[in-house]
Amino acid sequence: MKKTKGDLIKLAIEGEFDLIIHGCNCFCTMGAGIAKTIKQKFPEAYEADLNTEKGEQSKLGTISWAESKTQSGKLIVVNGYTQFHWRGTGVKADYEALRKVFKIVKEQFSGTRIGYPAIGAGLARGDWKIISKIIEEELSGEDHTFVEYQK
């Protein structure tokens with residue numbers, strides 16, 4: 001896992017990545033955190049989310065995705081269904097779903113330059129030490145970068 005500081009969205013638009021992935025809940029909201037910015041900057045990704053069944057528990061551990069055009073070419077934006085709901089207290093990140101999501105990304109998009117935020121460790125309150133280990137295991141051999149948000 002490579003690590004950098006910056007704005008994942010800005011770096012993606014500038015061509016640093018072929019694919020970015022973020023965590024979503026299963027209710028097609030994309031109303032907070034980086035998902036809200038992705039919804040605004042890459043409406044195709046939000047449309048892909050809306051084409052899934054709202055509130056469906058079986059979405060956990062799956063993805064939806066879309067291609068967006070940026071100033072530097074095309075970008076794949078992956079919505080990873082890593083938490084069921086966003087309401088309430090406690091950890092919302094589902095570690096097994098995270099593992100499945102990154103396994104799918106490797107299977108479908110191997111060879112791409114992948115960027116991601118602290119997926120599952122922000123609003124979903126997951127433990128980044130556990131999550132980063134899962135990502136390392138599932139994206140072994142891939143070109144992937146954790147982007148720690150910094151303005």
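Just a few scattered comments:
- Residue within the range 124-132 that is exposed (fewer than 13 other Cβ atoms within 10 Å of the Cβ), polar (S, T, N, Q) and either assigned to a loop (DSSP other than H, G, I, E, B) or out of contact with any Cys (no Cβ under 6 Å at 6 or more places or on another chain) (or both) present: no
- Some residue of the range 77-87 being crowded, with 18+ Cβ neighbours inside 10 Å and among the aliphatic types (A, V, I, L, M): yes
- Residues of the range 98-116 satisfying the condition of being touching a Phe, Trp or Tyr at 6+ places or on another chain (Cβ under 8 Å) and surrounded by 22 or more Cβ atoms within 10 Å (Cβ to Cβ): Val101, Ile114, Gly115, Tyr116
- Residue among Thr37, Thr82 that alone is touching a helix residue (DSSP H, G or I) at 6+ places or on another chain (Cβ under 8 Å) and touching a residue at least 40 places away in the same chain (Cβ under 8 Å): Thr82
- Some residue of the range 35-52 being over 19 Å from Glu136 (Cβ atoms), modelled with pLDDT under 95, surrounded by 13 or more Cβ atoms within 10 Å (Cβ to Cβ) and aromatic (Phe, Trp, Tyr): no
- Phe42 fulfils the conditions (1) in contact (Cβ under 8 Å) with a residue 60 or more places away in the chain; (2) farther than 13 Å from Tyr149 by Cβ; (3) not aliphatic (A, V, I, L, M) except for a single criterion, (1).
- Criterion: assigned to a helix (DSSP H, G or I) and of a type in the set (S, T, N, Q) - qualifying residue of Ser58, Ser64, Ser68: Ser58
- Residue, surrounded by the fewest Cβ atoms within 10 Å (Cβ to Cβ), within the range 133-149, restricted to residues that are part of a strand (DSSP E or B) and among the acidic types (Asp, Glu): Glu148
The values are calculated or read from the model by the stated rules, or taken from the named source; none is laboratory data. Because the structure is a prediction, the values reported are computed rather than measured. In this analysis, Cβ positions are derived from the backbone assuming ideal geometry, glycine residues included, and neighbour counts consider all displayed protein chains.
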